[in-house]
Amino acid sequence: MRIDSFVAKNANENPHQIALEEGEKTISYSCLDNDIDRIASSMAEFGNCRFAVLAESGIQYIKMLMAVYRSDNTAIPLPIELATFNMERILDTARINNIIVTEAQYSRFGEAFFKRFETVIVVSDDDSVNTLCKRVIEEYNNPNLRLVLYTSGTTGTPKGVMLSDRNLIANAASIIEILGITPADKAALVISPHHAFGNSIINSHLMAGGCISIVSMNFMGLIFSMMRSGISMFYGVPSTYRLLLRYPEKFKDAFRNVRLAATAGGAIDDIIVKNLKDSNPDIRVMPMYGQTEATARLAYLPSEDVEEFVDTIGKAIPGVILDVFDANNCSAEPNITGELVARGDNIMLGYLDDEIATERKIINGWMYTGDLAKKLPNGYFKLLGRKDDLIKIGDHRVNPRELEKYIESNNDVSGVFVVPVSHELLGNAISLMVIPNHDMDATCISSFCRKNLPGYLHPLEVLFIDHLPLSENGKISNRSIIEGYHNVKNSM
Amino acid sequence: MEKIRDDIIDFLKGQSFMDSNTQFADNESLTKAGIIDSIGLLELLDHISESYSIEIPEDMLTPDNLDSLQGITNLILKLKYERS
């Protein structure tokens, strides 16, 4: 089975049920299934080939994604928040010959951008499919490969997570079970569908035969009016809820009839839980934890324990085994800190074209999450930070060392240091400390970031310094940088 | 009206959302062109609220009002006009 087979199954059993909504537009399972067929026919001559999918969030994106699946090819959704050259880097690294793109994105990136592809298929707003060029080049991909999701393509070398039909279906089935999703549910998709969390909402609700209502986070007015249309399940990262909470009255109104509010992509706080419960005493709040490398979901905190155990990630979802390993790769006793590891049918096939990174991530069938954790006596898991220096900004994991290297090599400076600082909506944001090569204006750096990085990576401040923020043992780490930052701020 | 439009363009250029030589049609979509995303929109909203001393009601936070120079200009005019 593939994920799109569930659309076909639901189209057969319940053809008039609404599958997707986007503003005024709605589409039934039977129409969705037909459209997927039609778009898939434009890729029929290909088999097991990589297709980039370039589309803004919306019904079109889901149709195109499912059409790539149905034609038995591999979908590689491009995160549209990336600047053109970041996208080009993904395309170069992943050697993608074919692309399927919406009309809007085709005109945004322009004809020249698409010259690199052998096959370009443009899907217009009225669903007509226009193949601008086509050349089938045989590819030798892992035969189980269905979807590649990028974890971080912002800076450095982007890593593509290879997922199979089995991964996608196993994780969607577990999510349906823990959230109790039924065909009567209407889910809100307000986060990016190009990443693991958004993708898991699409898969689980289409598999369950329910409806998904799609709106982007750009315009709050649209979100609040969607919430009035009978949303029963809402999904967001913590910053999604914080953004909505800027409008407390509307927030209260929006969640009044929501039966379940799920979060993932970062630790949720008491304030969000309290506001949700205030708007609807019967609402179930369910924090979830996962990684792209695990398709999406690994653990969840049952809603009845949210108040008492909000600082934990709860327990493994059905079909997943979680454990904490010590430095010798042995299972650690409760309350002993080690690395959180996981196994299950949702664990990725590996990183795209990167066996070395794969071998480091999956050892003896266990996926190493990179998160430090301990088991609690009741069987729940508590996270205790990262093994590496990654910074969580919104729901993005950012490698500060890669970001520093990137800014350094594109500006006339001899050192750049990324400082994690707290941010009321995103949890964390960054400031920069920069060692300039000569007299320069801080706005040059800030303008460079604006142009080349997504909004969440725009530095709150750019401070010039004259020496390296080293720790006592001469190393540079998040800790030494934060110390250096405080010293600079104190002397200002 | 021209003045409001120019102020918004100055803000977008001053904050490096746009290059100083970018030519942008009044009805073109700022989000689809990749000029502004949800985080950038927050900065723009703060700028509008502060510079024009207006509060934008939640229901007006829609693409019609915020996704183009034309929409933003009309929104500001409307809110200023209604207030006085």
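Quick one: in the stretch A:389-414, which of the residues that are in a loop (DSSP other than H, G, I, E, B) and exposed (fewer than 15 other Cβ atoms within 10 Å of the Cβ) is farthest from the chain's Cα centre (by Cα)?
Per the stated criteria, the residue is A:Asp412.
Checking the condition buried (at least 24 other Cβ atoms within 10 Å of the Cβ) and not assigned by TED's automatic domain parsing to the domain that holds A:Tyr456, which residue from A:Ala55, A:Ala75, A:Ala94 passes? Break it down into steps so the answer makes sense when it comes.
On the way: A:Ala75 fails: buried (at least 24 other Cβ atoms within 10 Å of the Cβ); A:Ala94 fails: buried (at least 24 other Cβ atoms within 10 Å of the Cβ).
None of the other options fit; the residue is A:Ala55.
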Among (1) surrounded by 21 or more Cβ atoms within 10 Å (Cβ to Cβ); (2) within 14 Å of chain B (Cβ to nearest Cβ), the one test that A:Phe113 misses: (1)
Evaluation of A:Lys489 against (1) assigned to a helix (DSSP H, G or I); (2) at pLDDT 90 or above (one fails), failing number: (2)
Residue check, A:Pro459 within 14 Å of chain B (Cβ to nearest Cβ) and either under 29 Å from the mean Cα position of the chain (by Cα) or under 17 Å from A:Phe417 (Cβ atoms) (or both): yes
Meets criteria (farther than 20 Å from A:Pro193 by Cβ and either polar (S, T, N, Q) or surrounded by 21 or more Cβ atoms within 10 Å (Cβ to Cβ) (or both)) for A:Ala67: no
Selected residue (only one of A:Ile191, A:Ile212, A:Ile223 is in a strand (DSSP E or B) and either surrounded by 22 or more Cβ atoms within 10 Å (Cβ to Cβ) or under 20 Å from the mean Cα position of the chain (by Cα) (or both)): A:Ile212
Qualifying residues in the stretch A:67-110 (those that are within 11 Å of chain B (Cβ to nearest Cβ) and part of a helix (DSSP H, G or I)) - the one farthest from A:Leu32 (Cα to Cα): A:Thr84
Test for A:Leu149: is it in contact with a Ser or Thr (Cβ under 9 Å, 6 or more places away or on another chain) and either within 29 Å of A:Leu244 (Cβ to Cβ) or assigned to a strand (DSSP E or B) (or both): yes
Top-ranked residue in the stretch A:223-268 [being in contact with a Phe, Trp or Tyr (Cβ under 9 Å, 6 or more places away or on another chain) and among the charged types (D, E, K, R); ranked as farthest from B:Glu58 (Cα to Cα)]: A:Asp253
Qualifying residues in the stretch A:431-456 (those that are touching a residue at least 40 places away in the same chain (Cβ under 8 Å) and away from chain B (no Cβ under 14 Å)) - the one nearest to B:Asp37 (Cα to Cα): A:Ser431
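The values are calculated or read from the model by the stated rules, or taken from the named source; none is laboratory data. This one's a predicted model, so the numbers in the text were calculated from it and none came from an experiment. Note that each Cβ is placed from the backbone with ideal geometry, even for glycine, and that neighbours are counted across all protein chains shown.
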